[in-house]
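What follows is one structure encoded as structure tokens, with my remarks underneath.
Where a number appears in this text, it was derived from the coordinates with a stated rule and is not lab data. Here the structure is a predicted model, which means the values were calculated and not measured. Note: ideal-geometry Cβ built from the backbone for every residue, glycine included; neighbour counts use all protein chains shown.
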Amino acid sequence: MMDLRRRRGRSVLEVNLDAMNWRIDERVALDPTDFGGKPEERELAVRLHQTQEDIPKNGIIIDATAPLARVVDKILRLSEANAHPSAQSAKCYLA
């Protein structure tokens, strides 16, 4: 099991190209001004997906094709593991 406390990075939600395009299509169908509605935006999204040039080097990859509950659980675990100690102690007041 990986030690999540040592993994300080951004969560990167990863999907395959077909899923990414489908999700963009769904959003643009509801709002044509949303990102991906213009051909140049779609080309950028595809290029970045293929090259992964914008992925942080210390990014923590999360499979975003997994069931939503599993994706959210992983993000929450990572967030809690990377929280500042004072934030950990403050959680008891928020619960």
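Where a ≥ b ≥ c are the square roots of the eigenvalues of the C-alpha gyration tensor, would you call segment 10-94 rounded, which needs a/c under 1.5, or, failing that, prolate if a/b is larger than b/c, or oblate? Provide the component values of the computation, followed by the final result.
Details: a/c = 2.48, a/b = 2.00, b/c = 1.24.
Prolate.
Under a Cβ-only charge scheme (Lys and Arg +1, Asp and Glu -1), can you give me the dipole magnitude of segment 10-94 about the Cα centre, in debye to the nearest 20?
440 debye
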- line: For segment 48-59, in residue order, the Karplus 3J(HN,Hα) values (coefficients 6.51, -1.76, 1.60; θ = phi - 60°; whole Hz; Gly and Pro = x) are 5, 5, 6, 8, 6, 5, 9, 7, x, 4, 9, x
